[in-house]
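The values are calculated or read from the model by the stated rules, or taken from the named source; none is laboratory data. The model shown is predicted, which means the values in this text are computed figures rather than measured ones. Every residue, glycine among them, receives a Cβ derived from its backbone with ideal geometry; neighbour counts consider all protein chains shown.
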Amino acid sequence: MATTTTPLGAPAQVPVAPRARGLDEATPGWRRGRFSGVGRVLRWVALLAVTALFLYPLLWLVAASLKGRGQVFDNSLIPSPVRWDNWVTVWQELPLLSWLTNSVCIAVLAAVAVAVSSSLVAFGFAWFRFPGRSLLFGLVLATMMLPGAVTMIPVYLIWKETGLLGTWVPLWGANLFGSAFYIFLQRQFFLGLPREIFEAALIDGASYWKQFWRIAMPLAVPSFVIVLLFEFQASWNNLQSALIYLNAGTVEQFTAPLGIAYAMTRYSPTAGGQGDYQYVMVASLLVTLPMLALFAFGQRYFVDGIATTGRKG
């Protein structure tokens with residue numbers, strides 16, 4: 001009960017509702033500890049279950065690469081016996097080093113080309129104000145609506161007219177013109193940068209080109225690394241383009257995905273092979289390792305870029 005003063009000066013008692021007790025106050029300490037302990041255990045069980053679900057294909061691939069010819073496709077994760085010689089023989093059976101070298105060079109060229117070109121276009125959309133900017137940016141985003149199958153034949157005819165079929169150029173050359181998704185991603189990051197920095201640089205006499213390279217790019221490193229990682233992975237796993245533009249060349253000119261597809265056909269019993277798919281598993285695992293190392297190296301930039309790319313100042 002609380003005491004107040006009425007207009008006549010007489011004290012009056014005003015009922016005060018009792019404060020509702022929360023769960024922490026209403027629940028005994030031993031019970032709170034039990035509930036928090038059970039919740040912690042359930043979270044760990046769920047986390048371990050999801051982790052095992054994602055790790056199982058990789059563990060199966062490792063086990064299959066160490067098995068003999070007749071045991072590759074069983075579900076055992078423990079090879080018996082362990083065939084370490086598979087990792088030696090695969091370099092003699094397949095031109096794996098050439099495939100990896102080709103894939104690395106093409107992926108680096110594609111990632112750098114699309115990251116730089118998309119950043120330039122994104123900086124223009126984020127900084128400059130001109131009539132029809134929103135319409136033009138909408139048209140750029142509208143290109144993402146086009147399925148790849150629609151542009152496949154026209155793009156092939158363009159590269160055929162240039163005489164570059166059978167070379168690496170069709171696999172990365174189009175990235176020099178940017179990508180709508182990466183332009184949108186970079187533009188959102190540039191919009192989050194303080195505009196006053198660029199205005200001050202402009203007053204000091206810095207050109208737009210210098211503002212881009214000296215100010216925008218150093219501040220946009222997280223989003224730039226994200227674009228590099230995404231495009232490197234897309235180019236690294238690109239089987240379709242390699243199948244179209246490199247399939248007519250020699251086996252040594254293949255990329256890693258096209259080479260693995262070739263190996264699957266080569267060892268297939270229907271094509272006269274002996275079913276030595278253990279070599280394909282070793283090659284597949286070796287092709288996976290560079291991507292794991294790359295994402296582990298760029299994890300910090302990846303997290304920072306995801307956390308700040310959607311911010312708009």
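If you check residue 147 against the conditions, is it surrounded by 13 or more Cβ atoms within 10 Å (Cβ to Cβ), closer than 18 Å to residue 238 by Cβ and not aliphatic (A, V, I, L, M)? Write out each step before concluding.
Details: surrounded by 13 or more Cβ atoms within 10 Å (Cβ to Cβ): no; closer than 18 Å to residue 238 by Cβ: yes; not aliphatic (A, V, I, L, M): yes.
No: the conditions fail for residue 147.
State whether the residues of the range 82-92 include one that is aliphatic (A, V, I, L, M), crowded, with 20+ Cβ neighbours inside 10 Å and touching a Pro at 6+ places or on another chain (Cβ under 6 Å).
Checked the range 82-92: no residue is aliphatic (A, V, I, L, M), crowded, with 20+ Cβ neighbours inside 10 Å and touching a Pro at 6+ places or on another chain (Cβ under 6 Å).
Select, from 260, 226, the only residue that is part of a helix (DSSP H, G or I), in contact (Cβ under 8 Å) with a residue 24 or more places away in the chain, touching a Gly at 6+ places or on another chain (Cβ under 8 Å) and crowded, with 18+ Cβ neighbours inside 10 Å.
So the residue among 260, 226 that is part of a helix (DSSP H, G or I), in contact (Cβ under 8 Å) with a residue 24 or more places away in the chain, touching a Gly at 6+ places or on another chain (Cβ under 8 Å) and crowded, with 18+ Cβ neighbours inside 10 Å is 226.
Quick check: is even one residue across the range 85-95 part of a helix (DSSP H, G or I), of a type in the set (Asp, Glu) and within 24 Å of residue 251 (Cα to Cα)?
Checking the range 85-95: at least one residue is part of a helix (DSSP H, G or I), of a type in the set (Asp, Glu) and within 24 Å of residue 251 (Cα to Cα).
Could you check residue 92 against (1) more than 30 Å from residue 62 (Cα to Cα); (2) out of contact with any helix residue (DSSP H, G or I) (no Cβ under 8 Å at 6 or more places or on another chain) and say which number it fails?
Only one criterion in (1) more than 30 Å from residue 62 (Cα to Cα); (2) out of contact with any helix residue (DSSP H, G or I) (no Cβ under 8 Å at 6 or more places or on another chain) is unmet by residue 92, namely (1).
Kindly indicate the residue of the range 275-298 that is modelled with pLDDT under 85 and not hydrophobic (A, V, I, L, M, F, W, C) and also nearest to residue 79 (Cα to Cα) among those meeting that condition.
Selected residue: 275.
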